[in-house]
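Enquirer: The structure under discussion is supplied below as structure tokens; questions concerning it will follow.
The values are calculated or read from the model by the stated rules, or taken from the named source; none is laboratory data. Keep in mind that this is a model prediction, so the values were computed, not measured. As a convention, Cβ positions derive from the backbone with ideal geometry for all residues, glycine included, and neighbour counts pool all protein chains shown.
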Amino acid sequence: MTQSKRRLSGIAILLSLPFAASPALAEDETVNRLLASQCAQCHGTNGYARGDFEDIAGEEAGDLFEDLSDMKGEDRPENIMDHQALGYSDEQIRRIARYYASLPEDDPERQAGSEREGEVEIERAGEHEYEREYEREYEREDEHEDEREREEHDDDERDEDDD
Amino acid sequence: MSLKRRTILQMIPATAALSVVSGQSMAASHHVVVVGGGFAGATVAKYLRMWSNGGIDVTLVDKNSRHVSCIMSNLVLNGQLQLGDLSFDYSTLQDKYGVRIVQGGVRRIAAGMVELESGDLHECDYVVVATGISFDDIPGLDSRKIPHAWIAGEQTNLLRDQIREDMPRDNGTFVMTIPRAPYRCPPGPYERACLLADILRRRGDGHRVVVLDANDRIQAERTTFERAFYGLYRDIIDYRASVSVASVNSDERIVTTVAGENVHGDVVNVIPRHGAPGLLVESGLTGGGRWAPVNPTTYESSLIPGVYVVGDSQATAQPKSGHMANSQAKVCADAIIRAAAGLSTQNRERLANITTNSACFSPITATEASWLTAVFRLNTETRAMELVPESLGEAHDWNSENYSAMFDWSENLFADTFR
Ligand SMILES: Cc1cc2nc3c(=O)[nH]c(=O)nc-3n(C[C@H](O)[C@H](O)[C@H](O)COP(=O)(O)OP(=O)(O)OC[C@H]3O[C@@H](n4cnc5c(N)ncnc54)[C@H](O)[C@@H]3O)c2cc1C
């Protein structure tokens, strides 16, 4: 779907939502805040994600609603979000979408130019370290393998079931 | 007014805004002491400060100066990560959110009071207890020799070193035991069995991983783990259901089962049955049970008003996971902020929107992972949290994309908790 079509259908959905056009109607924003905070484990505090996961703060409410509804409608839920979306009623999804739409798109902290405090990026260093160690282990293993193959002519079946 | 302050103001209903946001009116009278700075406690402390805009005083007490995450700690066993990668100090909670950090073991809890082992007393309006788990005693078991590695830290390194040093190149036996559910991280032990099989089959031939499960079947991601145990690792993993540990010979590394069988391993990893720590039992928070009963709309103890219990220590039927502990912590923080502002926690709109969720990624090999996820919601009639059945899902496959997503997921979860 093109971006503009997507926006249009987003607006259409937004207009058809109860209360969406009249935020003055009392809806407890702290209830929405609590509900929406349950996305933060993966999408970051207030929807500002780290790594490759998607930022959701400042998204159009209609787009978020539509995306989550699409996930909910998958015939064969495949990924985590397809399942997560099934955990919420349409009304709850609307509340979550409205909440994140009310936040600025850019993390005010990031905007202020301040480095994010306390980096928690664990993977890159660990992964590389591991890869090196792993390669060494593979090399050792290859040596063993050669030795063994000389000793016994049996084939190594270990990786057979690897799929 | 800064953008940040305006945003936060918008989030608070007019009735509460004055008292919660202005801070002054609450600072003097509302003080929360959080005991335990793991996934539940650190999240409660952070969100209490963030959502009250600093209007509530929060003190976080942990016996350690930093928390070592159990999440991802199975990757320490194969050398992929080190404990330092999984250690989180409390400096961001202190500097960015204004949480007061106290290092010390807590020995007693009562309504409005926390007593440290040093004898120091901390008085407060609300106590939040988030001290995780402790283990049952097993005759003969000395965890300095037979590690559980189920609370991350020294124990994790001990098990890693034993695997490196005490497993022979070929024909070794690794024995692990799984406790009766509920235990922390339902897929965790099966994930560990897979990683061990992966480590050992790279090392040499003829290794076995003997899994003694006190439960009558695999407790989580059954499709995935059955495929791994009976497919990929069928020559290595020997999975036995309904086998409980009676005693352990910690020097000889022998597990004796309730049926009387002796199982010897070159390395033995016994994970004893869990319960809420003795601190909660002695403070009257468990009422004779294994875990602390709470009201899941607030996580207030059913036994001691004004004391809240979140994370693995509490008794609801939600899975004991770090993701879930973080999730519950937000419900608890919201409830305390409301209570402090004199607002109801039990109005219909709030109750209709109480949800929690969990996600676990399980490495199955050193480069591939699977996942499990679920959403829970409040049943407003029974007032219990219940699984939304359609939301429960597990990965169709273990693969490298999941493996990479596992690092994004943990990075975000760690940040939402500690940063
Ligand atoms: C191998 C393994 C893998 C896991 N993988 C996952 C996963 O993929 N996803 C997931 O969501 N969960 C996972 N978990 C589960 C997760 O680690 C726990 O569910 C989570 O840590 C529970 O959080 P908690 O805050 O209740 O307790 P903890 O995180 O254990 O925190 C308790 C804190 O309390 C402190 N404390 C205890 N007693 C005292 C005292 N008397 N005084 C002062 N301080 C005290 C401790 O020092 C600690 O910091 C895994 C667990 C293991 C073992």
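Enquirer: Output yes when any residue across the range B:154-173 is within 15 Å of the ligand (Cβ to nearest atom), more than 14 Å from chain A (Cβ to nearest Cβ), touching an Asp or Glu at 6+ places or on another chain (Cβ under 9 Å) and over 20 Å from B:ASN64 (Cα atoms), and no when none is.
Expert: no
Enquirer: Mind telling me which of the residues B:GLY288, B:GLY284, B:GLY265, B:GLY278 ends up being out of contact with any Phe, Trp or Tyr (no Cβ under 9 Å at 6 or more places or on another chain) and over 21 Å from B:GLY36 (Cα atoms)? If you could, list the steps in order and put the result at the bottom.
Expert: Details: B:GLY284 fails: over 21 Å from B:GLY36 (Cα atoms); B:GLY265 fails: out of contact with any Phe, Trp or Tyr (no Cβ under 9 Å at 6 or more places or on another chain); B:GLY278 fails: over 21 Å from B:GLY36 (Cα atoms).
Answer to the check: B:GLY288.
Enquirer: Continuing with the same structure: Anything in the range B:134-153 that is over 16 Å from the mean Cα position of the chain (by Cα) and either within 14 Å of another protein chain (Cβ to nearest Cβ) or more than 12 Å from the ligand (Cβ to nearest atom) (or both)? List them, or say none.
Expert: B:ASP136, B:ASP137, B:ILE138, B:PRO139, B:GLY140, B:LEU141, B:ASP142, B:SER143, B:ARG144, B:LYS145, B:ILE146
Enquirer: Is it the case, given these coordinates, that B:THR316 is among the polar types (S, T, N, Q), touching a helix residue (DSSP H, G or I) at 6+ places or on another chain (Cβ under 6 Å) and modelled with pLDDT of 95 or more?
Expert: Here the answer is no, as B:THR316 does not meet what is asked.
Enquirer: Separate question: Starting from residues that are outside any helix (DSSP H, G or I) and within 13 Å of the ligand (Cβ to nearest atom), keep the ones in the range B:318-345 and report whichever is nearest to the other protein chains (Cβ to nearest Cβ).
Expert: B:SER321
Enquirer: Could I ask something else about it? Can you tell me which condition B:GLN80 does not meet? The list is (1) more than 8 Å from the ligand (Cβ to nearest atom); (2) away from chain A (no Cβ under 11 Å), and all the others hold.
Expert: Only one criterion in (1) more than 8 Å from the ligand (Cβ to nearest atom); (2) away from chain A (no Cβ under 11 Å) is unmet by B:GLN80, namely (2).
Enquirer: Quick check, is B:ASP416 more than 7 Å from chain A (Cβ to nearest Cβ) and surrounded by 24 or more Cβ atoms within 10 Å (Cβ to Cβ)?
Expert: no
Enquirer: Which residue is modelled with the lowest pLDDT, if the candidates are limited to the range B:202-222 and must be buried (at least 21 other Cβ atoms within 10 Å of the Cβ) and charged (D, E, K, R)?
Expert: B:GLU221
Enquirer: If you scan the range B:346-365, which residues turn out to be surrounded by fewer than 20 Cβ atoms within 10 Å (Cβ to Cβ) and within 9 Å of another protein chain (Cβ to nearest Cβ)?
Expert: B:ASN347, B:GLU349, B:ALA352
Enquirer: Sticking with this structure for a sec: Does B:THR131 qualify as being away from the ligand (no atom under 15 Å from the Cβ) and within 15 Å of B:GLY37 (Cα to Cα)? Spell out how you get there, then give the answer.
Expert: Details: away from the ligand (no atom under 15 Å from the Cβ): no; within 15 Å of B:GLY37 (Cα to Cα): yes.
Criteria not met by B:THR131.
Enquirer: Please list, ordered by residue number, the strands (runs of 3 or more DSSP E) wholly in the range B:121-222 having 1 or more residues that are of a type in the set (Lys, Arg) and not assigned by TED's automatic domain parsing to the domain that holds B:VAL61.
Expert: In the range B:121-222, B:208-213 are the strands (runs of 3 or more DSSP E) which contain 1 or more residues that are of a type in the set (Lys, Arg) and not assigned by TED's automatic domain parsing to the domain that holds B:VAL61.
Enquirer: May I pose another question? Does B:THR373 satisfy the criteria of being out of contact with any Gly (no Cβ under 6 Å at 6 or more places or on another chain), part of a strand (DSSP E or B) and either surrounded by fewer than 20 Cβ atoms within 10 Å (Cβ to Cβ) or at the interface with another protein chain (Cβ under 8 Å from one of its Cβ atoms) (or both)?
Expert: Against the criterion (out of contact with any Gly (no Cβ under 6 Å at 6 or more places or on another chain), part of a strand (DSSP E or B) and either surrounded by fewer than 20 Cβ atoms within 10 Å (Cβ to Cβ) or at the interface with another protein chain (Cβ under 8 Å from one of its Cβ atoms) (or both)), B:THR373 does not qualify.
Enquirer: Okay, moving on. Taking B:ALA197 and the conditions (1) small (Gly, Ala, Ser); (2) within 16 Å of the ligand (Cβ to nearest atom); (3) more than 14 Å from chain A (Cβ to nearest Cβ), which numbered condition does it fall short on, given that it satisfies the others?
Expert: (3)
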